[in-house]
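Any read-out appearing in this document is the output of simple, stated calculations on the displayed coordinates, not a laboratory observation. Here the structure is a predicted model, which is why all the values come from computation and not from measurement. Virtual Cβ from ideal backbone geometry, glycine too; neighbours counted across all protein chains shown.
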Amino acid sequence: MPDRPDLDDDDLCPVCGATGRHQVVGTPYRSCPTCGHHDAGERVESGAVVNHALWDEAPAISALEREQVRTLVRAGWRDQRLVDLGCGHGGFLHAVDVVRGLPPGSYGVEVSPASVEAARRWFGLELRPELSVDGIATVITTWHSAEHIPVPVLREALGAIDHPESLVVVSVPNAASWQWRLVGTRWTYYDVAAHRSQFTPASLDLLMHQAGWTCVARPRMVLYELFGALQSLVNTLRPHNRLYETLKRGRAGARRADLVGDSLLAALMVVPALLLAIGGLVSRDRASCVNAVYRRSQA
């Protein structure tokens, strides 16, 4: 980002350094007129979140985790060490281990104590509080975790990984998506309690370029698109993400009547959700998520 000592950091886009950001109505975000990035700065106090119900027994591998594994393999991962940034309860790393086998030295990065405990107890994974810089070829995955991390911290961490055979596979909510434009703050990926950023394809590519990476692929991820469309449409008539919170995170105090009602509404929304999802899958820059693969830039 360009150095502008004459301006306060809160006046500048943390990605491109542009001025003239405007407040996104009804949110803590400021939108950059140049790269489109939405940034909440310190108005979002903590980016950490526990994204799974922490039952006594480990959950089964989900359809989304299997799609993530397929995306990883298509991105070019073979036998490089794998690091999942913001790994949560470790479900993705466990899925890789079951489907393909984890290479030696692979680990997850997680800061939530509850998630760290679950990942170790359920799957016996190695977890660390931050990325290690040791010159080893590494494939870094970040499935909906980069938006939780302050932009300067993310830039510095990824910029330190410099092995030429390394890759970064990213998926983040897309502030330029049709879904965001259609439903606004009812969008399922709108999480004002934990998302410091809402990226756009332009702002993510620019941030990665600043860290020394070049985009080489934009994979389609069907389940992120379908889920985003369906839950967003349900959100227009029901409390925000209540169905998701109940089914995925084991929301405390959930009422059976609410679950039944939300599920019936979701069934009625399937057809319009499919149409909305198809739009995002066809126009990837307008998809609900920016999905991208990056390689180290050549000198």
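Suppose we flag trypsin sites (Lys or Arg not before Pro) only when DSSP calls them loop and at most 12 other Cβ atoms lie within 10 Å. Which is the longest uninterrupted stretch of the chain?
The segment 79-254 is the longest one with no such site.
For region 199-299, what class follows from the C-alpha gyration tensor (a ≥ b ≥ c being the square roots of its eigenvalues): rounded when a/c is under 1.5, otherwise prolate if a/b is larger than b/c, else oblate?
Here region 199-299 falls in the prolate category.
Using the Karplus curve 6.51 cos²θ - 1.76 cosθ + 1.60 with θ = phi - 60°, what ³J(HN,Hα) values do you get for each residue of region 286-294, in whole Hz, with x for Gly and Pro?
10, 5, 5, 10, 8, 10, 8, 10, 10
Throw me the Rg/Rh for the chain, computed over C-alpha atoms with Kirkwood Rh, two decimals.
0.95
May I have the convex hull volume per residue, in Å³, for the Cα set of region 118-175?
Normalising the Cα hull of region 118-175 by residue number yields 116 Å³.
Springs between alpha-carbon pairs under 10 angstrom, Gaussian network model over the chain: which of Thr188, Thr71, Thr246 fluctuates most?
Its mean-square fluctuation being the largest, the pick is Thr246.
List the equivalent ellipsoid semi-axes of region 125-212 in whole Å, largest first, each obtained as the square root of 5λ for an eigenvalue λ of the Cα gyration tensor.
The equivalent ellipsoid of region 125-212 has semi-axes of 27, 14, 11 Å.
As a test of the definition: which semi-axes, in Å, follow for region 225-278 when you take the square root of five times each eigenvalue of its alpha carbon gyration tensor? Largest first, please.
20, 11, 8
Anyone know which of Pro129, Pro104, Pro164 comes out most mobile in the 10 Å Cα GNM of the chain?
Per the Cα network of the chain with a 10 Å cutoff, Pro104 tops the list.
Net charge near Leu102: determine it from the other residues with C-beta under 14 Å of the C-beta of Leu102, scoring Lys and Arg +1 and Asp and Glu -1.
-2
Taking the chain as a Gaussian network, Cα atoms linked when under 10 Å apart, which of Gly135, Gly76, Gly108 shows the biggest mean-square fluctuation?
Its mean-square fluctuation being the largest, the pick is Gly135.
Near Val170, within a Cβ-to-Cβ distance under 11 Å, what is the net charge of the other residues, with Lys and Arg +1 and Asp and Glu -1?
Result for the local shell: -1.
Quick check: convex hull over the Cα atoms of region 164-204, volume per residue in Å³, rounded to an integer?
89
With charges only on Cβ, +1 for K and R and -1 for D and E, what is the dipole size of region 225-278 about its Cα centre, in debye, rounded to 20?
Taking the Cα centre of region 225-278 as origin, the dipole is about 260 debye.
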